[in-house]
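Participant: Mind having a look at this structure? Questions to follow.
The values are calculated or read from the model by the stated rules, or taken from the named source; none is laboratory data. Please read these numbers as outputs of a predicted model, since none were measured by experiment. Here the Cβ positions follow ideal geometry from the backbone for every residue, glycine too, while neighbour counts run over all protein chains shown. Only protein heavy atoms, including side chains, enter the accessible area calculation; ligands, DNA and RNA are left aside. Shrake-Rupley method; radii C 1.70, N 1.55, O 1.52, S 1.80 Å.
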Amino acid sequence: MKGSVDERFGFWRGCVKAEEREGMRIMLKFHQDQFSTIPLNKAKRVLRKKEQMKAQNSKMVGGIVAVGVGIGAILALTLALPPGVGIGNAQPGQQPSAKVTAKISNVVLIGPTSTQSDYVTLLCNDIKTANQKDLFITAALEVGLFTRTVVPPEAEARAGVHVRVQLDGQDVEPGVVIYGRRIQTLRSDETIELALGQSLDAASFSFVAVDVPQGVHQICVQARVDTGGTGDFSAEGAVGKGTVTVESVRLINGEDVLLN
């Protein structure tokens, strides 16, 4: 229907009154510049549905606000904690449990030297075991030896590099292992000097620690140069680059890995 809004309103208002006289409850609706009539009971259902949707939206907005406030409180608490203090299981100095760890050195660990009175620590690393485990520890090192003898009448030079692995300060089986050894003997009635230049070879050995308890453990590889001889001699040993790898495993229950 064309005309002004007031004219159209008057027309539709008359329609509403006419329909009410016939027993129908009518509601006048104005939408998109158009008037129309709808049954009153239908209009009430529409209004109730709108009220329900409004209440649900209000609850949803309230829940989102509550979650936001909770997250904000957690962030504020985290920022307020001093460094090193976290939420959950994180504690200062802790490290996660691991199955394998390794350490590598690309420098000379022990330069050419004669007999050492004690072992020198070459490589160390920590590993955390979640429960009782066995550890396979492999230490690989470059070992260098040098010997020199002069006669007459007889001379002997000995040089060797002894290696051991320690777990928390205790030797790991099978104990001390010889990674390199040389014995040079020279006999003659004439003046002779025999010198073997420094040799460098890589050697590797696997150590086994059984029934290691739960916790953080330190594994260290140590070495000692052992030299000696008789007569006119000189001897030295050295350790070049090296690696140590530690693997956490579980052996067959009751297995005896050590032969006596």
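Participant: Using a probe radius of 1.4 Å on heavy atoms only, what accessible surface per residue do you get for region 171-260? Whole Å² is fine. Working shown, then result.
Facilitator: Details: 5280 Å² over 90 residues.
Per residue, region 171-260 has an accessible area of 59 Å².
Participant: Here is a follow-up. Please give the contour-minus-distance gain from SER188 to LEU259: 0.36 nm per residue of separation, less the Cα-Cα distance, rounded to one decimal in nm.
Facilitator: Values: separation 71, 0.36 × 71 = 25.56 nm, distance 4.39 nm.
Contour length minus Cα-Cα distance gives 21.2 nm.
Participant: Here is a follow-up. Check ALA202: other-chain or 5+ apart residues with amide H under 5 Å from its amide H, H built from backbone geometry?
Facilitator: It is VAL143, by chain and number.
Participant: Pick out, in residue order, every one of the GluC sites (Glu not before Pro) in region 189-237 that is DSSP loop and has at most 12 other C-beta atoms within 10 Å; say none if there are none.
Facilitator: Details: sites: GLU190, GLU193, GLU236; in loops: GLU190.
Counting only loop positions with at most 12 other Cβ atoms within 10 Å, the GluC sites (Glu not before Pro) in region 189-237 are GLU190.
Participant: Then there's this: Could you check the simple spin-label distance between ASN131 and LYS54, using points 7 Å along Cα→Cβ, in nm with one decimal?
Facilitator: 6.1 nm
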